[in-house]
Each structure stands twice: as C-alpha cells, then as structure tokens.
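For reference, the structure is listed below as structure tokens.
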Amino acid sequence: MYSSARLVDLQYAAAWRVVRMLPERIARAAFRSGADVAVRRNGAGVRQLRANLARAAPGVGSERLVRDGMRSYARYWCETFRLSASDAARIVAATTVTNAGPFDEALDAGRGLIIALSHSGNWDAAGVWLIETLRRRGLDPAFTTVAQRLKPASVFRRFIAHREALGFELVAAEDGAYRALLARLRRGGVVCVLADRDVLGTGLDVTLFGEPARLPSGPARLAAFTGATLLPTRLGFAPNGWTIAFAEPVPVPGPADVGKATQALADALGTLVAGDPSGWHVLQPLWTADHR
C-alpha cells in the first residue's frame, strides 16, 4: 500500500507525463471540464473563490464569474504541466503587454525591479516570457522568486525542478528568500513576488476592495532598502495566448514609507484585478473577516 503522500506524488508525476502527451485541444477540454465539475461540487475552495470575487467584482454575475475563475485556474494547471523552456519564442510572440513603459524604464535604469504580482494568469508562462525578454535585451536572463513549500516534499521538489528547468532561481520562503531577493536587486536584477496574499501571516493591515485585509510587506521593504522599482502587475489569459498588464510604479522613498507603500500596492493590485476578475484565482481567505 502506498502512503497518501506517495499517492499525491504519483498523481503529479502522472500529470506531468500524460498531459504533455495529449493534444493541446484535448488537454484543455479535459481541464475545463474538471473546472466545471469542481464548481458543481462547490467545495471549500470554490466557496471561498466566490466570496473573494464578490468583493473584487460586486454586481457581476456571481456564478458565471466563479465558473470562469475556475476555468482560468484549470488552464493554469494544464499549461504548467505542458510548459518547457523551448516554448520561449512562442510565448513571447503570443503575449500582449499593456503599459510597458514603467517596465522598460526600470530595466534601463538598472537599479533593480520588483514585479509584484496578483494570483492571476500563468506565472510560469510569464516567467519564461521575462527570461526571454531579458535575454533579447542583452541583460542577465534570470530572475529570483520565492517558492511556497508544498507537501509532500517530493511534490515540492518536482515543482522546484520544473521551474529551475525553465530558468527561474527559486528560494523557499523559510530558506533565506529575503536575502536572495535583496542580493538579486542589489545587482540591478529582477525579482518576482506574489503580493496579494499574506502567506506567512506577517503582513501589514491594508484596505483591499473596501475591507480590512493583510498583505505582505516584503515587496515594499525590498524597494525601500534597495531603491528598486516596485511595479504592480497582473497576468492574464487571451484566447490563444497571455497578457501582462503593468500599473504605474509604487513610490517607496525609504523604510518609513513601507506601510503607505503597501496600501498603495493593495490599491494598484485591486484596480488591476478588477479589470479582469475572472483571471484572479485565489481560493484561500484574504480578508480579515474570513479568518475569524
């Protein structure tokens, strides 16, 4: 008999192997159907997604939005299991970028860039886009990001190996991630951080979509101590590709401004998410009221 951890590991291993072998049309249809089944079952994650989207897009048809949100999340997983570094040219060609000016200016300045992301779209595909874009500009084609530790450990190792094969530098949150991010920024490089969820429980109080929440202070602290550009960013899906939307940079003059900057980041991410709420797939509690 296999342990539950071993069974989970085998399921992920099979997914990586089988999904890559399937024709893309069939793989997408299967994951889309799986998303619809999950919505009908209405488990805890789907119920929380419904509550989250009700704040992000009040007045929008709830059930259709939840269905589209779960389909977006399923598409992320389908693409992740199929993705490889050899897809770089195709991903760049199929990615539409909005408001690229702040991104270009930050790279030209060479003082470091913090791409602060919402849980939207496909960050693996976006990472491949970023590496290829840096390479084409003659810059260091690498960036550093934080890996949330998963259980079982074997699955965590699979995700680390997968993303390292794509060219990412990953550091687990509890393994000196902050120091690694600082080091990359002080070399004038790029880091990517998910900024719309306080995973570690050490965030700052903010208002998000009009309600109290807590968001991580790390992005603003990194900007304060390095002078790097803090750039709120939303990833998304197009029918046959991907989208990246950059907001205007959040100013962080110094350490005393971290709280104000974290609120400004919350406001910017809220605006970005509201522009494409169905692509925001957060199935965990974000707001203070949901943690009670």
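If you scan segment 245-265, which residues turn out to be in a helix (DSSP H, G or I) and in contact with a Phe, Trp or Tyr (Cβ under 9 Å, 6 or more places away or on another chain)? Listed by number, the list holds a single entry, Pro255. The residues listed here are Trp242, Trp287; of these, the one that is aromatic (Phe, Trp, Tyr), in contact with a helix residue (DSSP H, G or I) (Cβ under 8 Å, 6 or more places away or on another chain) and surrounded by 21 or more Cβ atoms within 10 Å (Cβ to Cβ) is Trp242. Residues in segment 165-217 that are surrounded by 14 or more Cβ atoms within 10 Å (Cβ to Cβ), β-branched (Val, Ile, Thr) and either at pLDDT below 95 or assigned to a helix (DSSP H, G or I) (or both): Val171 only.
Restricting Val66, Val128, Val92, Val37 to residues that are on the phi < 0 side of the Ramachandran plot, buried (at least 20 other Cβ atoms within 10 Å of the Cβ) and more than 17 Å from the chain's Cα centre (by Cα) narrows the list to Val66.
Counting residues in segment 231-239 that are touching a Cys at 6+ places or on another chain (Cβ under 9 Å) and within 26 Å of Arg75 (Cα to Cα) gives one or more. Between Val191, Val199, the distinction of being touching a Lys or Arg at 6+ places or on another chain (Cβ under 6 Å), closer than 18 Å to Leu265 by Cα and touching a residue at least 12 places away in the same chain (Cβ under 8 Å) belongs to Val191 only. Residues of segment 112-131 that are modelled with pLDDT of 95 or more and either farther than 14 Å from Leu272 by Cβ or of a type in the set (Phe, Trp, Tyr) (or both): Gly112, Leu113, Ile114, Asn122, Ala125, Gly127, Val128, Trp129, Leu130, Ile131.
Candidates Leu134, Leu139: the one that is in contact with a Leu (Cβ under 7 Å, 6 or more places away or on another chain) and either under 17 Å from Cys192 (Cβ atoms) or surrounded by 15 or more Cβ atoms within 10 Å (Cβ to Cβ) (or both) is Leu139.
Among the residues of segment 245-266, write down those that are buried (at least 17 other Cβ atoms within 10 Å of the Cβ) and of a type outside the set (Phe, Trp, Tyr). Ala245, Ala247, Pro249, Val250, Val252, Val258, Ala261, Thr262, Gln263, Ala264, Leu265, Ala266 - these are the residues of segment 245-266 that are buried (at least 17 other Cβ atoms within 10 Å of the Cβ) and of a type outside the set (Phe, Trp, Tyr). Applying the condition of being at pLDDT 90 or above and of a type in the set (A, V, I, L, M) to segment 1-34 and asking which residue is farthest from the chain's Cα centre (by Cα) yields Ile26.
If you go through segment 218-244 and keep only what is hydroxyl-bearing (Ser, Thr, Tyr) and part of a strand (DSSP E or B), you end up with Thr229, Thr233, Thr243. Reported count of residues in segment 224-281, each being in contact (Cβ under 8 Å) with a residue 60 or more places away in the chain, touching a Lys or Arg at 6+ places or on another chain (Cβ under 8 Å) and more than 26 Å from Thr80 (Cβ to Cβ), is 4.
Filtering Arg71, Arg47, Arg55 for residues that are within 26 Å of Gly210 (Cβ to Cβ), buried (at least 19 other Cβ atoms within 10 Å of the Cβ) and among the basic types (Lys, Arg) leaves a single hit, Arg55. Restricting segment 95-125 to residues that are of a type in the set (S, T, N, Q) and crowded, with 17+ Cβ neighbours inside 10 Å leaves a set whose member that is nearest to Asp198 (Cα to Cα) is Ser118. Residues in segment 84-96 that are under 17 Å from Pro141 (Cβ atoms) and not in a helix (DSSP H, G or I): Ser84, Thr95.
The condition of being at pLDDT 95 or above, farther than 22 Å from Trp287 by Cα and surrounded by 18 or more Cβ atoms within 10 Å (Cβ to Cβ) holds for Ala228.
The values are calculated or read from the model by the stated rules, or taken from the named source; none is laboratory data. Because the structure is a prediction, the values reported are computed rather than measured. Heads up, the Cβs are rebuilt from the backbone with ideal geometry, glycines too, and the neighbour counts pull from every protein chain shown.
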